[in-house]
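A short worksheet on the structure shown next.
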Amino acid sequence: MENQQIVAVVGGTGALGAAIAGRLAKAGIAIVIGSRSAESAQATADAIGHGARGMSNPDAAAAGDVVIVTVPFAAQASTMADIAPHVGGKIVVDTTVPLVPPKVMRVQLPPEGSAAVRAQGMLGEDVRMVSAFHNVAAHKLATDADIGCDVLVFGDDKAARSVVVGLANAAGLRGLHAGALANSAAAEALTSILIFLNKTYKVDGAGIRITGDLIDPEA
Ligand SMILES: NC(=O)c1ccc[n+]([C@@H]2O[C@H](COP(=O)([O-])OP(=O)(O)OC[C@H]3O[C@@H](n4cnc5c(N)ncnc54)[C@H](OP(=O)(O)O)[C@@H]3O)[C@@H](O)[C@H]2O)c1
């Protein structure tokens, strides 16, 4: 992705959004943080530095060339409605894991099959919907450490998917093409299993790494 392109992180005041934004900002990518409160967004942007700016979620969505949505499943519908008028034709990256408390260690996918397919339905077919970052622990991403995690990237638009693979790589992870948007169900479901593993094996943020020598399809 060209460095002059702007990545907006809607819900970017939260754990995952601020961590992704921080890593991308350090990599030289122009970042806009979105929040329901422009003041909160600016406070997070100030903490990130590197020229990051903060604004309301709709303004951030309007400013971004790529719009990453990092809000809880319970807030997915209202947030998508807030940004819908501003994302036509853009790449929108949904990170939503459809966790339904209190049973977060149990897979509970929505009737649409996945949160990502649900998001596409909310925003319309002209949005270049991609989903990613479901299986990386935000508190680990918030550090500068090499956390050795793969990021499975889903989407029906291969060029859009490539952009997001590039963003995952820029964030110090390994982005991998993982197929159609509907495949996102697998990564979304896997998060409940990772939470189970965290509890059962006392892991501080289990993640995934695909084995084998992968040959970059774009090299
Ligand atoms: N945390 C992780 O390790 C992790 C890892 C992988 C995937 N995920 C997924 O990524 C998404 C974000 O996770 P997170 O841990 O970053 O969430 P979070 O910190 O709890 O919330 C993120 C942001 O969402 C906004 N928000 C919260 N409740 C809302 C509501 N009712 N309506 C509208 N906006 C609301 C808030 O922003 P404002 O108050 O500023 O508007 C908040 O800062 C979730 O779907 C999660 O499953 C998380």
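The values are calculated or read from the model by the stated rules, or taken from the named source; none is laboratory data. No experiment lies behind these values; they were computed from the predicted model shown. So basically every Cβ, Gly included, is an ideal-geometry build from the backbone, and we count neighbours across all protein chains shown. Areas reflect the complete protein model, heavy atoms only, side chains present, ligands, DNA and RNA absent. Shrake-Rupley method; radii C 1.70, N 1.55, O 1.52, S 1.80 Å.
Numbers below:
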quantity: Residue in region 117-124 that is within 15 Å of the ligand (Cβ to nearest atom), polar (S, T, N, Q) and within 17 Å of R161 (Cβ to Cβ) present; calculated: no
quantity: Residue check for G54: within 12 Å of the ligand (Cβ to nearest atom), at pLDDT 95 or above and more than 27 Å from P101 (Cβ to Cβ); calculated: yes
quantity: Residue match in region 160-171 (condition: open to solvent by less than 20 Å² (accessible area, probe 1.4 Å), touching a residue at least 60 places away in the same chain (Cβ under 8 Å), farther than 23 Å from A81 by Cβ and more than 12 Å from the ligand (Cβ to nearest atom)); calculated: yes
quantity: One residue from V104, V153, V127 being open to solvent by less than 60 Å² (accessible area, probe 1.4 Å), more than 14 Å from the ligand (Cβ to nearest atom) and at pLDDT 95 or above; calculated: V127
quantity: Residue within region 38-46 that is open to solvent by less than 10 Å² (accessible area, probe 1.4 Å) and away from the ligand (no atom under 14 Å from the Cβ) present; calculated: no
quantity: Flag if H139 is touching a helix residue (DSSP H, G or I) at 6+ places or on another chain (Cβ under 9 Å) and either within 22 Å of A62 (Cα to Cα) or surrounded by 24 or more Cβ atoms within 10 Å (Cβ to Cβ) (or both); calculated: no
quantity: Hits in region 172-184 - residues which are within 14 Å of the ligand (Cβ to nearest atom) and either part of a helix (DSSP H, G or I) or open to solvent by 30 Å² or more (accessible area, probe 1.4 Å) (or both); calculated: S184
quantity: Selection from region 20-37 of residues that are within 10 Å of the ligand (Cβ to nearest atom), assigned to a helix (DSSP H, G or I) and either open to solvent by 10 Å² or more (accessible area, probe 1.4 Å) or farther than 17 Å from V71 by Cβ (or both); calculated: none
